[in-house]
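Student: Below you will find the structure I want to go over with you.
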Amino acid sequence: MKPSFSLNLYLVTDRDLSLGRSLTEIVVKAAKGGVTMVQLREKSASTRQIIQEALQIKPILKKYGIPLIINDRVDVAMAIDADGVHLGQSDMNWQMARTLLGPEKIIGLSIENVDQLTDANEADIDYIGISPVFTTPTKKELSKGLGLSGTVEIAALSKHSSVAIGGINKTNAADILSTGTNGISVVSAICSAEDPEGAAKELTGIIKQVIKQP
């Protein structure tokens, strides 16, 4: 059975932005603060290191009922039985990922422009990441952000749930949530916060004001 999930407050980890703290420490505090999904994103760590981190984080998130998503690495997701993967446009295609992972895992796909929605709308995926809304150091390969208008357009045309990604923090979260996305994805807004739990709680408060909770 596929795990239920909420895109409301989606944390993407980044060790380089965590002020010397372990990812486990960040995740524990973020979970207490109200994040609804966590993506383990490692672009430079070894496979063994990623697996070790994932195995440390997984039981923490399970305690809170928060899905663990692995960025890019389908092999790691399979090895540790993660809840799913998030794929970029240059990663493994979703068809192969679905075949390998099976029907009960969550698959997210980054969408960088409206043209990419044609295939995504017909894809057997679970959500899209609208990326990047604003330019951000974590997306160095993308030089131009979609802005609020671009986010509105993609969110409206998408047949899947969507989460906005890129340059999001407490100062612009409400505006981004008003574009029609199902949630926001943050990195430095939590990972670089002096108080990650407090930062997550503050963002959760903003989300509750904008998105009507079931």
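Student: Taking H as built 1.01 Å from N, whose amide H comes closer than 5 Å to the amide H of Leu9, not counting residues under 5 places away?
Tutor: Long-range HN contacts for Leu9: Thr36, Met37, Ile184.
Student: Taking the Cα atoms of region 67-120, report the difference between the largest and smallest coordinate on each principal axis, in whole Å and largest first.
Tutor: For region 67-120, the Cα extents along the three principal axes come out at 34, 18, 17 Å.
Student: Sequence-distant or interchain residues sharing an amide H contact under 5 Å with Glu42, placed H: which?
Tutor: Long-range HN contacts for Glu42: Asn71.
Student: Here is a further query. For region 1-122, what are Rg and Dmax over the alpha carbons, in angstrom?
Tutor: 14.2, 42
Student: While we're looking at this one, here's another question. Just want the answer: with Cβ charges of +1 for Lys and Arg and -1 for Asp and Glu, which residue in Gln49, Leu7, Ala31 is farthest toward the dipole's positive end in the chain?
Tutor: In the chain, that residue is Ala31.
Student: Taking the beta-carbon count within 10 Å as an exposure proxy, list Leu100, Leu117 from fewest neighbours to most.
Tutor: Details: Leu100 14, Leu117 19.
Exposure proxy ranking, most exposed first: Leu100, Leu117.
Quick note: the coordinates plus some simple rules give every number you see, no bench work behind them. None of these values were measured; they are calculated from a predicted model. Don't worry about glycine lacking a Cβ; one is built from the backbone with ideal geometry, like all the others, and counts go over all protein chains shown.
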